[in-house]
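Pasting in a structure now, in structure tokens, and then I'll have a few things to ask.
The values are calculated or read from the model by the stated rules, or taken from the named source; none is laboratory data. The shown structure was predicted, so the numbers you read here are calculated from the model rather than taken from an experiment. Cβ placement follows ideal geometry from the backbone for every residue including glycine, while neighbour counts extend to all protein chains displayed.
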């Protein structure tokens, strides 16, 4: 009598239904695949960023446009002259920056220009680029730096 | 015998789906690991707008400007006196928080201005170091001002008053971070 009772109790299903688990995981997977931007830009200049302490984060990634300044990477490990790169192309003439950036500003009025400048670059080039940004009236800039390692 | 044949027919031809979740998990972990959601960090600045041809720049009193000069070797002059990069922070603080006491420094915190001038050959590294120190001076001044007003720190103030209540940032209004990047002299 009692054994029969026990048998009945064990027959009740205690499993969590796992049939929908793959679907849930797939949903997560698709979310991650869609949300992560795999926009790879081949940076043709070397940019070892300087370190700083007073740094802020830029949360809105879609507002940011990058300008790379640094010695150009050549074949092998050699480095060439200081060059400026916007998006995928090296800028031959610094004066061309104003038209490029102005067009970007029209597309995104709250544009932030992040300057990723190599730490060995000279200020002359940086100031020239800044002057061009003023001409294009893209005034919000950011000197991209790494967080200073605790000393 | 007939019984056996019947049993064989009834086995269902299903693909086992129990491992599906594991495969999906592996893919998910792969994507989680490979994608870098790197947040760009840096020192934010706002460049001055382009000057109109016929408009004179607004007059600024000499005493309100703290001049910092960085030369080709990365050496620093503060108000025409040689200084170390580490001393800039205190120099900026005394300059901004002077409130008209010392005639060499600023009249009020709102009028104080820090001017950083480099030469064209100054390494970018040295410039960022100096700019970093100036910003740190402002951050520390905002922090102590926020503590004076009874908040834990400046970030707490921003979170509660500026973000929470939508009010103006009174601390930044009082101690304005006015940093000007001067053009190098034409050689």
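For segment A:105-151, which positions are out of contact with any helix residue (DSSP H, G or I) (no Cβ under 8 Å at 6 or more places or on another chain), more than 11 Å from every other protein chain (Cβ to nearest Cβ) and surrounded by fewer than 16 Cβ atoms within 10 Å (Cβ to Cβ)?
Listed by number, the residues that qualify are A:106, A:107, A:109, A:149, A:150, A:151.
Look through B:73, B:86 and report the one residue that is within 23 Å of residue B:142 (Cα to Cα) and exposed (fewer than 12 other Cβ atoms within 10 Å of the Cβ).
The conditions single out B:86.
For segment B:93-121, what are the residues that are within 10 Å of chain A (Cβ to nearest Cβ), assigned to a loop (DSSP other than H, G, I, E, B) and in contact (Cβ under 8 Å) with a residue 60 or more places away in the chain?
Once the filter is applied, which keeps residues that are within 10 Å of chain A (Cβ to nearest Cβ), assigned to a loop (DSSP other than H, G, I, E, B) and in contact (Cβ under 8 Å) with a residue 60 or more places away in the chain, segment B:93-121 yields B:119, B:120.
Scanning for something at pLDDT 75 or above and within 11 Å of another protein chain (Cβ to nearest Cβ), does segment B:74-84 turn up at least one residue?
yes
What number of residues within segment B:158-187 satisfy the criterion of being over 17 Å from the mean Cα position of the chain (by Cα) and not in a strand (DSSP E or B)?
Total meeting the criteria: 17.
Can you find even one residue in segment B:2-19 that is modelled with pLDDT of 75 or more and in contact with a helix residue (DSSP H, G or I) (Cβ under 6 Å, 6 or more places away or on another chain)?
Looking for residues that are modelled with pLDDT of 75 or more and in contact with a helix residue (DSSP H, G or I) (Cβ under 6 Å, 6 or more places away or on another chain), one finds none in segment B:2-19, hence no.
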